[in-house]
Amino acid sequence: MADLFHRVSIRKYQDRSVEREKIVEILRAAMAAPSAKNQQPWEFYVITKKDTLEKLSKASPYAGMTANAPVAIISAYRKDCDVPCYADIDMSIAMENLWLKTDEIGLGGVWLGIAPIEERMKEVEEIVGIPEDQRAFAIFPLGYPAEERAQQDRFDESRIHFDA
């Protein structure tokens with residue numbers, strides 16, 4: 001649980017590749033997420049090619065750091081899942097697991113939302129070659145951190161409402 005209070009957005013990475021075992025470990029954590037009707041709508045694309053990372057860095061005005069990341073994980077969901085209206089929630093849970101595991105094993109990353117902005121989703125799908133039966137959800141550039149940041153305390157007791 002410590003990673004809940006340690007995880008921050010990391011946008012600067014060391015010029016060092018990330019071991020395949022660590023990427024698999026991160027994706028194992030992502031796929032451990034619960035999902036509606038256990039539909040597990042996720043698909044993950046691991047990108048390490050510099051030219052593809054560069055293209056992804058331009059798919060959103062917020063994705064610039066992707067060009068300098070050693071790896072990016074693109075999450076997508078299958079259109080034919082059991083309850084598609086919950087796919088974005090399922091994907092969000094998987095992304096949080098992915099992010100927490102990234103932090104736990106000493107890496108850093110940042111979740112770049114692509115969905116539900118149609119033009120960004122289509123661009124990422126074209127860049128990565130995501131099949132037509134799937135939709136791009138997010139870009140997650142990651143690597144060994146080249147910056148250190150403290151997480152801000154976001155607890156706000158005024159947002160808690162107990163019944164009388």
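State whether the residues of segment 7-16 include one that is part of a strand (DSSP E or B), of a type in the set (S, T, N, Q) and closer than 17 Å to Pro145 by Cβ. If you could, list the steps in order and put the result at the bottom.
Of all residues in segment 7-16, those part of a strand (DSSP E or B) come to 9, 13.
Now drop any that are not of a type in the set (S, T, N, Q), which leaves 9.
Those left that are additionally closer than 17 Å to Pro145 by Cβ: 9.
Yes, because at least one residue in segment 7-16 is part of a strand (DSSP E or B), of a type in the set (S, T, N, Q) and closer than 17 Å to Pro145 by Cβ.
Conditions (1) among the aliphatic types (A, V, I, L, M); (2) within 11 Å of the chain's Cα centre (by Cα), marked per residue:
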{"position": "Ser35", "(1), (2)": "no, no"}
{"position": "Gln40", "(1), (2)": "no, no"}
{"position": "Thr48", "(1), (2)": "no, no"}
{"position": "Ser57", "(1), (2)": "no, no"}
{"position": "Ile73", "(1), (2)": "yes, yes"}
{"position": "Met95", "(1), (2)": "yes, yes"}
{"position": "Thr102", "(1), (2)": "no, yes"}
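Which residue, of Cys85, Cys81, is outside any loop (DSSP other than H, G, I, E, B) and farther than 14 Å from Ser9 by Cα?
Working: Cys81 fails: outside any loop (DSSP other than H, G, I, E, B).
Answer to the selection: Cys85.
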Cys85: passes all of (1) under 20 Å from Pro116 (Cα atoms); (2) open to solvent by 20 Å² or more (accessible area, probe 1.4 Å); (3) touching a residue at least 40 places away in the same chain (Cβ under 8 Å); (4) not small (Gly, Ala, Ser) but (3)
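Anything in segment 104-125 that is assigned to a loop (DSSP other than H, G, I, E, B) and either closer than 23 Å to Glu21 by Cβ or under 13 Å from the mean Cα position of the chain (by Cα) (or both)? List them, or say none. Before the answer, list the steps.
Looking only at segment 104-125, we keep the residues that are assigned to a loop (DSSP other than H, G, I, E, B), and these are 105-107, 110-111, 114-117.
Listed by number, the residues that qualify are Ile105, Gly106, Leu107, Val110, Trp111, Ile114, Ala115.
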Fill in: Residue within segment 90-99 that is buried (at least 16 other Cβ atoms within 10 Å of the Cβ) and outside any helix (DSSP H, G or I) present
no
Within segment 100-129, restricting to residues that are of a type in the set (D, E, K, R) and without any contact (Cβ under 8 Å) to a residue 60 or more places away in the chain, the one that is surrounded by the most Cβ atoms within 10 Å (Cβ to Cβ) is Glu125
- Item | Qualifying residue in segment 42-52 (condition: surrounded by 18 or more Cβ atoms within 10 Å (Cβ to Cβ), in contact (Cβ under 8 Å) with a residue 60 or more places away in the chain, among the β-branched types (Val, Ile, Thr) and part of a helix (DSSP H, G or I)) | no
Taking segment 98-155 and keeping only residues that are of a type in the set (Val, Ile, Thr) and in contact with a strand residue (DSSP E or B) (Cβ under 8 Å, 6 or more places away or on another chain), one is left with Thr102, Val110, Ile114, Val124, Val128, Ile130, Ile139
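With respect to Glu132, determine if the residue is open to solvent by 60 Å² or more (accessible area, probe 1.4 Å), over 25 Å from Glu19 (Cβ atoms) and either of a type in the set (Val, Ile, Thr) or more than 14 Å from the chain's Cα centre (by Cα) (or both).
yes
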Among (1) hydrophobic (A, V, I, L, M, F, W, C); (2) open to solvent by less than 30 Å² (accessible area, probe 1.4 Å); (3) closer than 20 Å to Ile127 by Cβ; (4) touching a residue at least 24 places away in the same chain (Cβ under 8 Å), Ala36 falls short only on (3)
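The values are calculated or read from the model by the stated rules, or taken from the named source; none is laboratory data. Remember, predicted model here, so these are calculated numbers, not experimental data. Because the Cβ atoms are built from the backbone with ideal geometry, glycine has one as well, and the counts that use them run over all protein chains shown. Heads up: the accessible areas ignore ligands, DNA and RNA and are worked out on the full protein's heavy atoms, side chains in. Shrake-Rupley method; radii C 1.70, N 1.55, O 1.52, S 1.80 Å.
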